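Below is one structure, written out as structure tokens, with a few remarks after it.
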Amino acid sequence: MALHVITGNRLADGISVWFAGPKGWAELVGQAVGYDEAGLEAALAQANPADAELHVVDIRAVEVTREGGMLFPVAHREQIRARGPSVRADLPAGVWRDGAEPLPPLPSASSSSPFAGIYRYDEYDRDFLRQRATVFGEQVERRRKGELTEDEFKPLRLMNGVYLQLHAYMLRIAIPYGVLSATQLRQLAYVARHYDRGYGHFTTRQNIQFNWLRLEDVPDALAALAEADIHGIQTSGNCIRNTTTDEFAGAAADEIVDPRLYAEIIRQWSTDHPEFTYLPRKFKIAIVGAGHDRAAVRVHDIGIEAYRDAAGAPVFRIFAGGGLGRTPYVAVQLREDLPVPELLRYCEAILRVYNALGRRDNMYKARIKILIREMKPEAFIKMVEDEYASMAAGYCLLTDEMVQAVAARFPVPEFPRQDTGVLKSALLDDRALARWVKQNTHPHKQPGYISAVISLKPVGGIAGDASADEMDVVANLADKYSLGEVRVSHVQNLVLPHVAKDDLPALFKDLVQAGLATDNIGLVTDIIACPGMDYCALATARSIPLAQRIAERLAPKQHEIGTLHVNISGCINACGHHHVGHIGLLGVDKNGEEVYQITLGGAADEKAAIGKIIGPAVPTAKVPDAIEALMEAYLKLRETGERFIDTYRRLGAEPFKGAIYATH
Ligand code: HEM
Ligand code: SF4
């Protein structure tokens, strides 16, 4: 007869707890009482009295086995809830914060670069954020007193970016279009250090997630972030999320139009938009303005490519209906050359059609991508055009005056430094520097400058994670070398956008000292990986350990292999962009075993494509072998200078299938 224990998450801090009968709730599954089926119903009633919600949420029974007198959950997910993440053995055990210790002053209070690179908030904007933190504090208080039920409270916390994950509350903070001032990064470090367990996770949507917040600390953390003009508004829920862009925006030599200005305009238009706060489902917008798409616009709900028309005026190519998740699609194009004044009107027309017709009966069919395919792209485009044509003249028109007003709130950095040849001579006798410069820099539009990418993918590390100390180091380096600016890339790395070429050897030295000089950008170890089952309540597999094993296995050959995007998701929601990885890995649960489905040929740039599944899923332990075999086949088959994706496009999946399935 199946044995069960009763579990839930503690309201105060989200920690997994286990019902220990008359002793109440315990933090260790070993202290739980096991119930057979006869006793389970009564025990559930005992664990779930009328006031249970004041202490524990999501109370339920899970199956366990008894081995050597100990109880072990049967489901993999519950084992991870019981033990904690299977990664990060460095986390200190036990309670990491009791809330009693006084905290030091906020970094923003003594900032030397408060607005570097970012849109300049005024007191009105900042007050708005302070008020949101205060109101959320009141909502938390009401929840703790039982004046709000969990069902009533959940949408309120989600509106502020607070999720309940496997082990604790998670707070998601938007980094608008991936731009951070050094001060903002220090403020994020402060939250990681004092309210969390010392680190944060940068995501594919230019957000940062904190994994271990206590509920009562969240309003304080939000208040701290408000002082640096950052927040978690619209980082969850069925609204327009953080608009993302190219991490080299405003710096890249190949830039045609700086997308930050328009991303900020979209941010202002979409924040608390009264009509679009309860859409059928979440809605994601990305914009780029360079010859190369570095923001995956074709897999967004609306994707925008800014370029210049023959007269030199910015215009927009508009796409809609791209997306990943369980039904991935590359977006369809709606407009070729939308003029600037029409940008918001046209986006508004798209959203109105979606808001009116998007399915609300089935969350798996609720995204705009499904609506467009169900009604056919031509019919959808016609409806958008009709809606757009019917708008009152002047409605939501983006006037030049408005554009200029927003532009005026961005600081315009000066670039006085010239290239005096320091870098060139340093490269001659420092091979490590030469390799790092080749792999981790990007040409800047100012001749004396360059953009430097700081990899958050040390081999064997956790993709996208940065400790509070590392964030502080990067903030200091930004002040020292990059005009106080930092960027966050959608492949989960950080960027110092404006480094004088002459300073690059000194920056490299500082990065080596900080352990942040991994030279792997765009290579096989620069893996995108979502948090997977080590943290995520929706996961079916662990993605972080797999990324670590693949990176460890292939690191020795990564420079020989060259450009390769490996993307890993821990479930079909595809947060790790597996559909658009050159190699995509999707973790699934097959009768209690973690296995990975392999797709090949995906791409997220201007040649966007959804990868094709090449055959049966592979047991997780065998995936590094499979990828290694795939790479050996590629190295034999490639023509000179050919990237893996190009070899795949030339030859198809067939030669690679054999290599993969020969390994297991
Ligand atoms: C840990 C809590 C998270 C939860 C509960 C969550 C939930 C989801 C869900 C349900 C979807 C599917 C949406 C759909 O198909 O309609 C999704 C998609 C996505 N998420 Fe997450 N996610 C989480 C974390 C992340 C992280 C850490 C990243 C970045 C690494 C991320 C980035 C994305 C992206 C890029 C997509 C696919 C784009 C799309 O919406 O179609 N998410 N997420
Ligand atoms: S892909 Fe799945 S496992 Fe990974 S973060 Fe998204 S919802 Fe969680």
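Couple of notes before you dig in:
- The base-10 log of I(q)/I(0) for the stretch 422-514, evaluated at q = 0.24 Å⁻¹, reads -1.38 [Debye formula, identical scatterers on Cα atoms, solvent excluded].
- The simple spin-label model puts a point 7 Å past each Cα toward its Cβ; for THR399 and LEU637 those points are separated by 5.9 nm.
- Here the Karplus curve 6.51 cos²θ - 1.76 cosθ + 1.60, taken at θ = phi - 60°, turns the phi angles of the stretch 589-596 into couplings of 9, 10, 6, x, 10, 6, 10, 10 Hz, with x standing for Gly and Pro.
- Sites ASP98 and GLU560 - FRET efficiency at Förster radius 41 Å, r taken between beta-carbons, to 0.05: 0.20
- Rounded to the nearest 500, the 222 nm mean residue ellipticity of the chain from helices alone is -10000 deg cm²/dmol, with -39,500 (n - 2.57) taken per DSSP H run of at least 4 residues.
- Peptides 574-587, 499-512 ranked from most to least packed give 574-587, 499-512, packing being the mean of other C-beta atoms within 10 angstrom over each peptide's residues.
- Average silhouette area of the chain, convex hull of alpha-carbon atoms, in square nanometres: 31.5
- For the chain, accessible area per residue (1.4 Å probe, heavy atoms of protein chains only), Å²: 39
- Cysteines not pairable in the chain (beta carbon separation under 4.7 Å absent): CYS239, CYS347, CYS396, CYS536, CYS571
- Counting only Cβ charges, +1 for Lys and Arg and -1 for Asp and Glu, the dipole size of the stretch 3-83 around its Cα centre is about 240 debye.
- The stretch 440-457 and the stretch 206-260: distance between their alpha carbon centers, rounded to Å: 22
- Taking amide H atoms as placed 1.01 Å from N in the peptide plane, the amide H of VAL56 lies under 5 Å from those of LEU11, each 5 or more residues away in sequence or on another chain.
- Compactness relative to 2.2 N^0.38 Å, alpha carbon Rg of the stretch 152-222: 1.06
- With all protein chains in place and ligands, DNA and RNA left out, the 1.4 Å accessible area ranks SER110, SER181 as SER110, SER181, largest first.
- Surface share of carbon and sulfur [accessible, 1.4 angstrom probe, percent] for the chain: 54
- Inter-centroid distance (Cα atoms) of the stretch 529-587 relative to the stretch 1-78, Å: 33
- Rounded to the nearest 20 debye, dipole of the chain from Cβ charges on Lys, Arg, Asp, Glu: 1240
- For LYS657, a cut-off of 20 angstrom between C-alpha atoms picks up these aspartates and glutamates, skipping any fewer than 8 places away in its own chain: ASP625, GLU628, GLU632, GLU639, GLU642, ASP646.
- Scattering curve values for the stretch 321-477, log₁₀ I(q)/I(0), Debye with Cα scatterers, q = 0.20 Å⁻¹: -1.18
- Gain upon complete extension [LEU91, LYS154; 0.36 nm per residue less C-alpha separation]: 19.9 nm
- Applying D = kT/(6 pi eta Rh) to the stretch 3-83, where Rh is the Kirkwood radius over alpha-carbon pairs, T corresponds to 20 °C and eta to 1.002 mPa s, the Stokes-Einstein value obtained is 172 µm²/s.
- In Å, descending, principal axis extents of the Cα set of the stretch 238-412: 48, 35, 30
- Distances between every pair of Cα atoms in the stretch 528-661, grouped in 10 Å steps from 0 to the bin holding the largest one, split as 14, 47, 33, 7, 0 percent.
- Stokes-Einstein translational diffusion, the stretch 114-237 - Kirkwood Rh over all Cα pairs, 1.567 mPa s, 4 °C, in µm²/s: 89
- Under 5 Å between amide hydrogens, built in the peptide plane, is the criterion, and for VAL618 it picks out TYR596, GLN597, ILE598 among residues at least 5 positions away or on other chains.
The values are calculated or read from the model by the stated rules, or taken from the named source; none is laboratory data. Bear in mind that the values here come from a model prediction, so they are computed numbers and not experimental data. Note that we place each Cβ from the backbone using ideal geometry, even for glycine, and neighbour counts take in every protein chain shown. For the accessible areas, the whole protein counts, side chains as well, though only heavy atoms, and no ligand, DNA or RNA atoms are used. Shrake-Rupley method; radii C 1.70, N 1.55, O 1.52, S 1.80 Å.
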